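One structure is given below, encoded as structure tokens.
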Amino acid sequence: QVQLVESGGGLVQAGGSLRLSCAASGRTFSNYAMGWFRQAPGKEREFVAAISRSGGSTYYADSVKGRFTISRDNAKNTMYLQMNSLKPEDTAVYYCAAGSALGVILTAVGYDYWGQGTQVTVSS
């Protein structure tokens, strides 16, 4: 079992920044590819960004490319999502996820473990 806890969400004005963290415990963190997803009210959960086990490979949804940066610190068992130039349409609950597949995992079904989510609200 892998336990995932997100933090760092909050309320921010459009154009502002937030840094989300995902702390992992229970298994060897570096054995898992990681990802961020988000779900806005009334919408399906959508992929945001993914990172490979070593951190050497990353992938972003087109909607966040150039504004968000995913990273991980395997020594601290933590993954991050730096979000800059935030827009009201980024408002959602953000979830981190862990999967045992190699490379980057782009779909929700590829992940084995999920956190409870952290709310991000961007005001206009």
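Assorted remarks:
- Computed from backbone phi with θ = phi - 60° and the Karplus coefficients 6.51, -1.76 and 1.60, the 3J(HN,Hα) list for the range 50-65 is 9, 9, 6, 4, 7, x, x, 10, 9, 8, 10, 5, 4, 5, 10, 4 Hz; x is used for glycine and proline.
- Dipole moment magnitude, nearest 20 debye, the chain about Cα centre, only Lys, Arg, Asp, Glu C-beta charged: 200
- Mean accessible surface per residue for the range 16-124, computed with a 1.4 Å probe while every protein chain stays in place, in Å²: 48
- Amide H within-cut-off set for residue 10, under 5 Å, with H built and near neighbours excluded: 120, 121
- Springs between Cα atoms under 10 Å define the GNM used for the chain, and in it the highest mean-square fluctuation of 53, 19, 27 occurs at 27.
- Taken along its principal axes, the alpha carbon cloud of the range 68-124 reaches lengths of 39, 26, 19 Å, longest axis first.
- A Gaussian network model of the chain, with springs between Cα atoms under 10 Å, assigns the largest mean-square fluctuation among 58, 107, 78 to 107.
- Candidates 61, 33, 92: whichever shows maximal mean-square fluctuation once the chain is modelled as a Gaussian network with Cα springs under 10 Å: 61
- Amide proton proximity set for residue 57, modelled H, under 5 Å, gap of 5+: 52
- Calculated FRET efficiency, residue 28 to residue 119, Cβ-Cβ distance, R0 = 22 Å: about 0.15 to the nearest 0.05.
- Remark: the range 115-120, residue by residue, has Karplus-estimated 3J(HN,Hα) of x, 8, x, 9, 7, 10 Hz, where x stands for each Gly or Pro and the curve is 6.51 cos²θ - 1.76 cosθ + 1.60 at θ = phi - 60°.
- Apportionment of accessible area to carbon and sulfur, the chain, percent (1.4 Å): 47
The values are calculated or read from the model by the stated rules, or taken from the named source; none is laboratory data. Values in this document were obtained by computation on a predicted structure and should not be read as measured data. Note: ideal-geometry Cβ built from the backbone for every residue, glycine included; neighbour counts use all protein chains shown. We work out accessible area using only protein heavy atoms, side chains counted, and drop any ligands, DNA or RNA first. Shrake-Rupley method; radii C 1.70, N 1.55, O 1.52, S 1.80 Å.
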